[in-house]
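Trainee: If you scroll down you'll find the structure; I have some questions about it.
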Ligand SMILES: Cc1cc2nc3c(=O)[nH]c(=O)nc-3n(C[C@H](O)[C@H](O)[C@H](O)COP(=O)(O)OP(=O)(O)OC[C@H]3O[C@@H](n4cnc5c(N)ncnc54)[C@H](O)[C@@H]3O)c2cc1C
């Protein structure tokens, strides 16, 4: 029997586990999926926006995989911590596949970035997603008293956070947003959300579906400055536009339809809030006012004729008492595992972890920590498959390695208290009960103590011990 640990239960971890049990080249494979959290599904639970119910429902597909009898879930086990480093895991399993994601934010590297009121979009996402590492009170105590918010970045995460800021709390009540966050959003004074990119609209990374959704919110208008749109080389030139990828062409069309929206938020003919998409503005500094962020200074950029932009030496300050930086994610090193600091990934060859350039027997990677934070959930499936292909090729040699008969028992004997599947089901049940007590659907538990207590409330003790 080949015992394999998959570290991380996000999409790449679950797709890896699925590919391992669905193959028939190597019989008798058993998979244990470890996660540092007591809850599975990675960013599908803690990243995908709560109002994207359809994508959220992918959790049901991931769940079906984790419920296979050849797979077991061991939550609340963090690889890389003392007693659970890569060396130790290799003593327990024939192979270990690291699928730990890339959930740290990239920084802007400009003055004022750490002023109170300036946050990474990651933190904001984690807050409204009830990630237990983000205190529930974080954005509840003042951040949303801002009137103007600036979101720096024009990818889908920027669009997600802008949309959540622009929604009325009632629109989010049917979702699983934690109660504290819902209360804070209900009292939010944010009226204007500026979503700002340093390049032009035809280079923005958001997808058309997400963009359209911004223009269809019940309580916010979406607008774009016609002059900034016109700056885009593809805007006025049908020939240039025709050469664009279809998604960028469609984005331009959507934005064209927004130029007429000129009503101010709350004014006659206008909705309560406004989302303004701004382009060709590069952030250079966050400006303080009364010890907090008060504005963001941008340098106006212009197309450089080569597909990029250049600075123009002209500046514009946009008022902002709340700034969310959404300029990308990056991986973090896992102690004991090689790491390429430039790319924020683990060096690999077709999924085989490279130590000093040489494949390390029994160690693999998949997902964002393998290829960097890009692509949609489905992109992780072929990525996981490639890794599993490599692992299966190596299987004869892996099977020769002497490993523990019952890794879970060894971990328990060493003092670890994993949350097993019934514990996770107990968390789900507690979240349903919490929601019912609030007159809502399922509502997420936002803190470690609450999650672990809920897991413990399961019939077999949740931690299974
Ligand atoms: C804010 C946001 C919104 C998104 N929205 C969408 C969307 O709407 N549609 C879409 O298709 N894609 C979306 N994506 C992209 C999608 O979430 C990713 O493609 C996908 O989650 C990456 O999968 P992963 O398994 O590599 O990483 P993750 O999903 O991050 O999973 C990594 C898992 O590893 C665990 N882990 C980390 N370190 C350790 C450790 N040391 N030990 C044990 N476990 C560990 C984590 O707890 C986590 O469960 C979004 C991404 C973000 C950031």
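Trainee: Using the C-alpha atoms of region 287-445, what convex hull volume per residue, in cubic angstrom, is computed?
Mentor: On the way: hull volume 44.9 nm³, N = 159.
Value for region 287-445: 282 Å³ per residue.
Trainee: Any chance you could give the angle, 0 to 90 degrees and rounded to 10, that helix 11-22 forms with the longest Cα principal axis of the chain?
Mentor: Between the helix axis and the principal axis of the chain, the angle is about 40 degrees.
Trainee: If you rank 385, 370, 54 by fewest surrounding Cβ atoms within 10 Å, what's the result? Working shown, then result.
Mentor: Values: 385 18, 370 27, 54 7.
Fewest to most other Cβ atoms nearby, the residues stand as 54, 385, 370.
Trainee: Further, regarding this structure: Angle between the Cα long axis of helix 380-399 and the longest principal axis of the chain, 0 to 90 degrees, nearest 10?
Mentor: Taking the Cα atoms of the chain, the angle to 380-399 is about 20 degrees.
Trainee: Starting from the Cα gyration tensor of region 1-125, take the square roots of the eigenvalues, sort them a ≥ b ≥ c, and report rounded, prolate or oblate (rounded when a/c is under 1.5, otherwise prolate if a/b is larger than b/c, else oblate).
Mentor: Values: a/c = 2.93, a/b = 1.62, b/c = 1.81.
Oblate is the answer for region 1-125, as a/c is 1.5 or above yet b/c matches or exceeds a/b.
Trainee: Which distance in nm do the two modelled labels at residue 91 and residue 400 give, with both placed 7 Å along the Cα-to-Cβ direction?
Mentor: Label-label distance for residue 91 and residue 400, simple model: 2.2 nm.
Trainee: Relative contact order of the chain, please, whole-number percent, based on alpha carbon pairs below 8 angstrom and at least 6 residues apart. Spell out each step's value before the answer.
Mentor: On the way: 997 pairs, mean separation 98.8, N = 465.
Worked out over the chain, it gives 21 percent.
Trainee: Can you give the FRET efficiency to the nearest 0.05 for residue 55 and residue 393, using r as the Cβ-Cβ distance and R₀ = 45 Å?
Mentor: Details: r = 33 Å, r/R0 = 0.74.
Plugging the Cβ-Cβ distance into 1/(1 + (r/R0)^6) gives 0.85.
Trainee: Then there is this: Between residue 290 and residue 316, how many nm apart are label points set 7 Å from Cα along the C-beta direction?
Mentor: 2.6
Trainee: Can you give me the C-alpha center-to-center distance between region 64-94 and region 337-387, rounded to a whole angstrom?
Mentor: A separation of 18 Å, based on Cα centres.
Trainee: Roughly speaking, what is the centre-to-centre gap between region 1-63 and region 251-280 when only Cα atoms are used, to the nearest Å?
Mentor: 40
Trainee: Taking a ≥ b ≥ c as the square roots of the Cα gyration tensor eigenvalues, with a/c under 1.5 meaning rounded and otherwise prolate when a/b beats b/c, else oblate, which class fits region 193-300? Walk me through the numbers before you get to the answer.
Mentor: On the way: a/c = 2.16, a/b = 1.29, b/c = 1.68.
The shape class here is oblate.
Trainee: Specify whether the C-alpha gyration tensor of the chain places it in the rounded, prolate or oblate class, a ≥ b ≥ c being the square roots of the eigenvalues: rounded for a/c under 1.5, otherwise prolate if a/b is larger than b/c and oblate if not. Working shown, then result.
Mentor: On the way: a/c = 2.15, a/b = 1.56, b/c = 1.38.
Verdict is prolate for the chain.
Trainee: How big is the shadow of the Cα convex hull of region 276-339, averaged over all directions, in nm²? Mind showing how you got there, number by number?
Mentor: Details: hull surface 29.7 nm².
Result: 7.4 nm².
Trainee: When the C-alpha atoms of region 106-327 are aligned to their principal axes, what extent does each axis show, in angstrom, from largest down?
Mentor: Per principal axis, max minus min of the Cα coordinates gives 51, 37, 35 Å.
Trainee: Ok, one more. Which value in deg cm²/dmol, rounded to the nearest 500, describes the helix-derived mean residue ellipticity at 222 nm for the chain, given -39,500 (n - 2.57) per DSSP H run of n ≥ 4 and division by the residue count? Intermediate results must be reported in sequence, preceding the final value.
Mentor: Values: 18 runs with 153 residues, N = 465.
After summing the helix terms and dividing by residue count, I get -9000 deg cm²/dmol.
Trainee: Could you grab the relative contact order for region 208-332? Cα pairs under 8 Å, six or more apart, rounded to a whole percent.
Mentor: Working: 175 pairs, mean separation 26.5, N = 125.
Relative contact order, region 208-332: 21 percent.
Values in this text are rule-based calculations from the coordinates and carry no lab data. Bear in mind the structure is a predicted one, so any value in this text is a computation, not a measurement. Here the Cβ is made from the backbone with ideal geometry for all residues, glycine too, and neighbour counts use every protein chain on show.
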